[in-house]
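**Student:** If you scroll down you'll find the structure; I have some questions about it.
The values are calculated or read from the model by the stated rules, or taken from the named source; none is laboratory data. Keep in mind that this is a model prediction, so the values were computed, not measured. Glycine also receives a Cβ, built like all others from the backbone with ideal geometry; neighbour counts cover every protein chain displayed.
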Amino acid sequence: MTLDMIIAWITAAVTFGTVIMFGCVGETLNEKAGGLNLGTPGVMMLGGIASLAGAFFYEKSVAVPNPILCVLISLISCLVATALAGLLYGFLTITLRANQNVTGLTLTMFGTGIANFFGGSLVKLSGGVGQISVAATSKAFKATMPILSTKLGIVSQLLFKYGWLTYVILALAFAMQYFFNKTRTGLNLRSVGENPATADAAGINVTLYKYMACTIGSAIAGLGGLYYVMDYVKGTWSNDSGIEALGWLAVALVIFTSWKPKNATWGAYLFGFCYWIYLYIPAGINSMLMKLFKVTRTTYMQNLYKMIPYIVTIIVLVLVSSRNKRDNQAPQSLGTSYFREER
Amino acid sequence: MANRQPILRIRKNEERSFLSKLLIKVIFIGIALLISALFINLVTKLDPLKVYASMFRGAFSTTRRTWITIRDTALLLSIAVGLTPAFKMKFWNTGAEGQILVGGLVTAAMMIYLGDKLPSGVILLLSFVGSAIAGAIWGFIPAYFKARYNTNETLFTLMMNYVGIQIVEFFVDVWDKKQSHSVGVINATNQAGWFPSIFGQQYLLNIIIVAVLTIAVYVYIKYSKHGYEVTVTGESENTARYTGINVPNVIIRTMLLSGAICGLAGFTEVAGISHTISVKTSGGRGFTAIIAAWLAKLNPIVMIIYSFLIVFLNKGAVQIASDFNLNEYASNIISAILLFCILASEFFTNYEVIFRHKEEH
């Protein structure tokens, strides 16, 4: 394997990891307050389409799009759409105490529906499959740091070549870790997720905390959709549910990181690494396996290599659970709704 | 004193009559239809009434369509029924997709490898057994680790879906003779391993199988000792342990059953409906079925209604899409709006809202 290949692999892994890191950090915030939002894939779809639509109509309306406005418009449309989705989830599960699993799955259905419905329309508006492109906005999101990204040779290539959202989510993940462990608000939030009745008795506004967690968490997760559209697929759209699949991986990553955002920073990249591994299987091993399975083409074998990220997840999951440490557990009230009068 | 009470207060109400519950549900379904109509009108400027009429046509306009609607209801129902024992135990099986796929894969393999060697009936029998075993294995693996190490089953079963998907992708490539990444209709000429028509009805066997499964699971959960153990384990693992229930055994046994039924859904889909295999064989039904199962409060008989409702909406929305030149994803949006409203209605059937001025005694 050449150095170029390794660099390409790492770059691909980081880009992939960034998408799911957004989803994971957002969903962790929600889960720490006791809300299990299986709607995260749908929220990310919504974030993707909202940012695309915002950028699309802005770029269409002016002759020369201003990069700063491009970024602002798509960011704001993404945040508003996904925060609203989070609010809807919150209203149903917190105020109306609906089942979180079903509400979440329905939200995924809703988000996927909205995104692909309007995505299809946008594609039509712009003249057919593969025609839609918000090049200016995509370029603004892929902007890299000057000097650092070009002058340092391999270091630039490995560390500074990515769009700026990559660094935003890294910072956010560490900030979230600090928030959970070192701030009063963060500790209050965790107590709501562990035992809402106790938190309530201690004078914490359980409803407010839960609402804030799911709204803000949803908005953060939605940025994963924006990053996917603007950076990962470079400002295009296709109705192939690519975001949805990554959204499920983001939900998986929350458990994988045992609800610690700092673990998401390496876990997401590890996932990305494993996701692309099928392109980098050494030729010797590949031909040996091809003989073993009596298969004639490498692409056929790649189907099986693509299982690796999921199998690695399973193995890590089993190892972590077999050690059974107390601080690796899910928030205790996760998935249940709180009603004060219930004992 | 009265002024110190909050304006709105919520109280649990478990004594609502069946009729008032039904009324609340109907009101909320009405609200859902209104919101959907608003959405349709806003986006497309079409007359919502015409759209709804077209929806109904999509599901029932011809005998064939009615049969297909019933057939798809049965398929979704069988998965929801399969999930029921696991969910009753509070084992969050999100892996139905994978269990369906491996069941379908085994069925397809039987059809391909035995198609010209054995009579169709034998192939069907082998597929039936094989798909149930495959699904059971897919359920067993996460259950074993859940029982042993309390490994998170939601993530585990979710990952098993992807493993299943990739295995299916692999075999689709291996079996595909034309390198088009599609198996095509298997045994199109001799129909070996296909469900036979009964009384001239192509899909009657699907429905019979699912009906039997539904009743069996209903009886199993409600009246058998196993079912009782599952319910107790779901309510509280500690209680189960104190009463002498072997919790790990119950977890594994129940997931073997749950996986096997979902595997059989794959068998019904491949041998009874599509006669081919691809990653689309499960088609997201493993997730949709969770919704049907939950809304029915895990009662297999009530699941019939919700499965039907979901399938009806889907067919209807697909019809709208083709009639009015809309994008097919409108169906997801309308279904989701309806489900949101049904979820909201549950609050009003379980709780009541009390205003301040209403004095209580």
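Every residue, every condition in (1) of a type in the set (A, V, I, L, M); (2) assigned to a helix (DSSP H, G or I); (3) away from chain B (no Cβ under 14 Å), yes or no:
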{"position": "A:Ile216", "(1), (2), (3)": "yes, yes, yes"}
{"position": "A:Ile220", "(1), (2), (3)": "yes, yes, yes"}
{"position": "A:Asp240", "(1), (2), (3)": "no, no, no"}
{"position": "A:Trp266", "(1), (2), (3)": "no, yes, yes"}
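**Student:** Something else: If I ask for residues that are in a loop (DSSP other than H, G, I, E, B) and either crowded, with 21+ Cβ neighbours inside 10 Å or under 12 Å from the mean Cα position of the chain (by Cα) (or both), which ones from segment A:222-238 would you list?
**Tutor:** Matches in segment A:222-238: A:Gly235, A:Trp237.
**Student:** Still on this model: What single numbered condition from (1) without any contact (Cβ under 8 Å) to a residue 40 or more places away in the chain; (2) part of a loop (DSSP other than H, G, I, E, B); (3) facing chain B (nearest Cβ under 9 Å); (4) surrounded by 15 or more Cβ atoms within 10 Å (Cβ to Cβ) fails to hold for A:Ile281?
**Tutor:** Of the numbered conditions (1) without any contact (Cβ under 8 Å) to a residue 40 or more places away in the chain; (2) part of a loop (DSSP other than H, G, I, E, B); (3) facing chain B (nearest Cβ under 9 Å); (4) surrounded by 15 or more Cβ atoms within 10 Å (Cβ to Cβ), the odd one out for A:Ile281 is (3).
**Student:** For segment B:122-170, enumerate the residues that are within 12 Å of another protein chain (Cβ to nearest Cβ) and farther than 26 Å from A:Asn101 by Cβ.
**Tutor:** Passing the criteria: B:Ile167, B:Glu169, B:Phe170.
**Student:** Tell me the residue from A:Phe141, A:Phe174 that is surrounded by fewer than 16 Cβ atoms within 10 Å (Cβ to Cβ) and under 30 Å from A:Gly235 (Cβ atoms), please.
**Tutor:** One residue alone meets the criteria, A:Phe174.
**Student:** Based on this model, can you work out whether A:Ile169 counts as within 30 Å of A:Ser333 (Cβ to Cβ), out of contact with any Leu (no Cβ under 7 Å at 6 or more places or on another chain) and not polar (S, T, N, Q)?
**Tutor:** yes
**Student:** Out of segment B:165-179, which residues are under 14 Å from B:Ala108 (Cα atoms) and either in a helix (DSSP H, G or I) or at pLDDT 90 or above (or both)?
**Tutor:** The answer is B:Ile167, B:Val168, B:Glu169, B:Phe170, B:Phe171, B:Val172, B:Asp173, B:Val174, B:Trp175.
**Student:** Go over the candidates A:Phe339, A:Phe256, A:Phe273 one by one and state the one that is in contact with a Leu (Cβ under 9 Å, 6 or more places away or on another chain), of a type in the set (Phe, Trp, Tyr) and either surrounded by fewer than 21 Cβ atoms within 10 Å (Cβ to Cβ) or farther than 25 Å from B:Phe171 by Cβ (or both).
**Tutor:** Every option except A:Phe256 fails the conditions.
**Student:** Out of segment A:96-130, which residues are more than 8 Å from every other protein chain (Cβ to nearest Cβ) and farther than 26 Å from B:Leu42 by Cα?
**Tutor:** A:Gln100, A:Gly130
**Student:** While we're here: Restrict the check to segment A:53-70 and report whether at least one residue is within 14 Å of chain B (Cβ to nearest Cβ) and touching a Ser or Thr at 6+ places or on another chain (Cβ under 9 Å).
**Tutor:** Yes, that holds for at least one residue.
**Student:** Going by the structure shown, is A:Tyr228 more than 30 Å from A:Gly54 (Cα to Cα), hydroxyl-bearing (Ser, Thr, Tyr) and either in contact with a Leu (Cβ under 8 Å, 6 or more places away or on another chain) or away from every other protein chain (no Cβ under 12 Å) (or both)?
**Tutor:** Here the answer is no, as A:Tyr228 does not meet what is asked.
Yes/no matrix, rows are residues, columns are (1) buried (at least 24 other Cβ atoms within 10 Å of the Cβ); (2) touching a helix residue (DSSP H, G or I) at 6+ places or on another chain (Cβ under 7 Å); (3) touching a residue at least 12 places away in the same chain (Cβ under 8 Å):
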{"residue": "A:Gly17", "(1), (2), (3)": "yes, yes, yes"}
{"residue": "A:Gly23", "(1), (2), (3)": "yes, yes, yes"}
{"residue": "A:Leu29", "(1), (2), (3)": "yes, yes, yes"}
{"residue": "A:Thr40", "(1), (2), (3)": "yes, yes, yes"}
{"residue": "A:Gly47", "(1), (2), (3)": "yes, yes, yes"}
{"residue": "A:Leu52", "(1), (2), (3)": "yes, yes, yes"}
{"residue": "A:Lys60", "(1), (2), (3)": "no, no, no"}
{"residue": "A:Ala63", "(1), (2), (3)": "no, no, no"}
{"residue": "A:Ile68", "(1), (2), (3)": "no, no, yes"}
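**Student:** Select the helices (runs of 4 or more DSSP H) contained entirely in segment B:235-353, then report the ones holding at least 1 residues which are away from chain A (no Cβ under 13 Å), touching a residue at least 40 places away in the same chain (Cβ under 8 Å) and surrounded by fewer than 23 Cβ atoms within 10 Å (Cβ to Cβ).
**Tutor:** Filter on segment B:235-353 gives B:247-269, B:300-323.
**Student:** On to the next question. Wholly within segment A:61-154, which helices (runs of 4 or more DSSP H) include no fewer than the required count, namely at least 3 residues that are closer than 21 Å to A:Tyr167 by Cα and of a type outside the set (Ser, Thr, Tyr)?
**Tutor:** Of the helices (runs of 4 or more DSSP H) lying wholly inside segment A:61-154, those with at least 3 residues that are closer than 21 Å to A:Tyr167 by Cα and of a type outside the set (Ser, Thr, Tyr) span A:67-90, A:135-141.
**Student:** Ok, one more. Within segment B:91-131, work out how many residues are within 17 Å of the chain's Cα centre (by Cα), part of a helix (DSSP H, G or I) and either of a type in the set (Val, Ile, Thr) or over 11 Å from B:Ala271 (Cα atoms) (or both).
**Tutor:** 7
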